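The values are calculated or read from the model by the stated rules, or taken from the named source; none is laboratory data. The shown structure was predicted, so the numbers you read here are calculated from the model rather than taken from an experiment. Reconstructed Cβ throughout: ideal geometry from the backbone, glycine too, with neighbour counts over all protein chains shown. Each accessible area value is taken on the protein alone, full model and side chains, heavy atoms only, with ligands, DNA and RNA left out. Shrake-Rupley method; radii C 1.70, N 1.55, O 1.52, S 1.80 Å.
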Amino acid sequence: MAETTIAPLSKGAASAASGGISVLRIRTITIVVCLAAWELLARSGLLYGEVVPPLERIGAAFVELLLDGDTYRHLAVTAWEVGAGFVVGFATGVMLGVPMGSRRFLGDALAPYVNGFATAPKIVFLPIAMLAFGTGVTSKLALGALSAFFPVVINTMAGVRQIDPVLVKVGRSFRLSALQMATRIYLPALRRSLVTSMRLGFGLAVVGVLLAEIKLSAAGLGHLAIEHYNNFRVPQMYAVLILVFVIAVGANGLMARLTPRH
């Protein structure tokens, strides 16, 4: 009877497996510790009970939120504003970031303005967006696009300047046009940088849209959260925030899968 042999795991595979288990263990412990600390603080009486409600009340509010059909109307509004704003901000950021990175004179000329506007809180542009686009969905979309634009353009410009100069010289030696250089040289070499830009831009687009909805909106998850806050429905407010967090983390995880392995 032939004997079956099992090849032992290589040191690299074994260390990778043990590393994955350790990371998962640390993440699990962190979540458990945070939840336990929250529950202890909620039941300690150190803070007013409604400020830090027990987890069971937040959990019940979250289930109620998911079962409420009106939640999905607000979710659809926010999803449209974030999604459309992110696409506009990402596309325009890449379109400006590539020439700013490839043409150092242009990059040096525009960088102070881009960096200056990037550091400004985007909520200050909401009155301008309202004057330009009104108080409807378009002004929130515009603020989301503006929030996503700056990290994308800065990261894209930096990524272009890190591309191997040999690749650029090869493209120019073949007399590629500016469009061909962008599509055949820069964008393929920028894949990792573009994924990072997507993740940064998406996160800030979410923040920008929610802030705009909180300030002035009749629909959206930001509007729903501030409504619960104004009526002191604290567990329901936390439930909305958890929903936003779960969706944002899920979207960020999907984008991370686009990162090239090598």
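Taken over the range 248-262, the criterion of being without any contact (Cβ under 8 Å) to a residue 40 or more places away in the chain and either within 19 Å of L65 (Cα to Cα) or not in a loop (DSSP other than H, G, I, E, B) (or both) is satisfied by V249, G250, G253, L254. I26 meets each of the listed conditions (1) more than 30 Å from V153 (Cα to Cα); (2) surrounded by 11 or more Cβ atoms within 10 Å (Cβ to Cβ) apart from (2).
Out of all the residues in the range 120-129, is one or more under 28 Å from P260 (Cα atoms) and not aromatic (F, W, Y)? Outline the logic, then answer.
Going residue by residue through the range 120-129, those that are under 28 Å from P260 (Cα atoms) are none.
So far as the range 120-129 goes, no, none of its residues is under 28 Å from P260 (Cα atoms) and not aromatic (F, W, Y).
Taken over the range 35-51, the criterion of being under 22 Å from H228 (Cβ atoms) and of a type in the set (A, V, I, L, M, F, W, C) is satisfied by L35, W38, L41, A42, L47, V51.
Selection of the range 216-236 for residues being part of a helix (DSSP H, G or I) and either in contact with a Pro (Cβ under 8 Å, 6 or more places away or on another chain) or surrounded by fewer than 18 Cβ atoms within 10 Å (Cβ to Cβ) (or both) yields E227, Y229, N230, V234, P235. Set side by side, the residues L126, L131 differ, and just one is open to solvent by less than 60 Å² (accessible area, probe 1.4 Å), in a helix (DSSP H, G or I) and either within 28 Å of V195 (Cβ to Cβ) or among the hydrophobic types (A, V, I, L, M, F, W, C) (or both), which is L126. Residue count for the range 207-262 satisfying the condition of being at pLDDT below 90, β-branched (V, I, T) and touching a helix residue (DSSP H, G or I) at 6+ places or on another chain (Cβ under 6 Å): 2.
Can you find, within the range 176-206, the residue that is surrounded by the most Cβ atoms within 10 Å (Cβ to Cβ) among those that are part of a loop (DSSP other than H, G, I, E, B) and in contact with a helix residue (DSSP H, G or I) (Cβ under 9 Å, 6 or more places away or on another chain)? Among those that are part of a loop (DSSP other than H, G, I, E, B) and in contact with a helix residue (DSSP H, G or I) (Cβ under 9 Å, 6 or more places away or on another chain), it is L190.
Taken residue by residue, the range 240-261 has at least one member that is in contact with a Gly (Cβ under 9 Å, 6 or more places away or on another chain), open to solvent by 20 Å² or more (accessible area, probe 1.4 Å), closer than 24 Å to V52 by Cα and not polar (S, T, N, Q). Applying the criterion of being of a type in the set (G, A, S) and assigned to a helix (DSSP H, G or I) to the residues of the range 108-123, the residue that is farthest from A218 (Cα to Cα) is A109. So in the range 64-117, with the set limited to residues that are open to solvent by less than 70 Å² (accessible area, probe 1.4 Å) and charged (D, E, K, R), which one is nearest to Y238 (Cα to Cα)? If we take residues in the range 64-117 being open to solvent by less than 70 Å² (accessible area, probe 1.4 Å) and charged (D, E, K, R), then D70 is nearest to Y238 (Cα to Cα).
May I ask you to list the residues in the range 52-63 that are open to solvent by 70 Å² or more (accessible area, probe 1.4 Å) and touching a residue at least 60 places away in the same chain (Cβ under 8 Å)? If the condition is that a residue be open to solvent by 70 Å² or more (accessible area, probe 1.4 Å) and touching a residue at least 60 places away in the same chain (Cβ under 8 Å), then R57 is the only one that fits.
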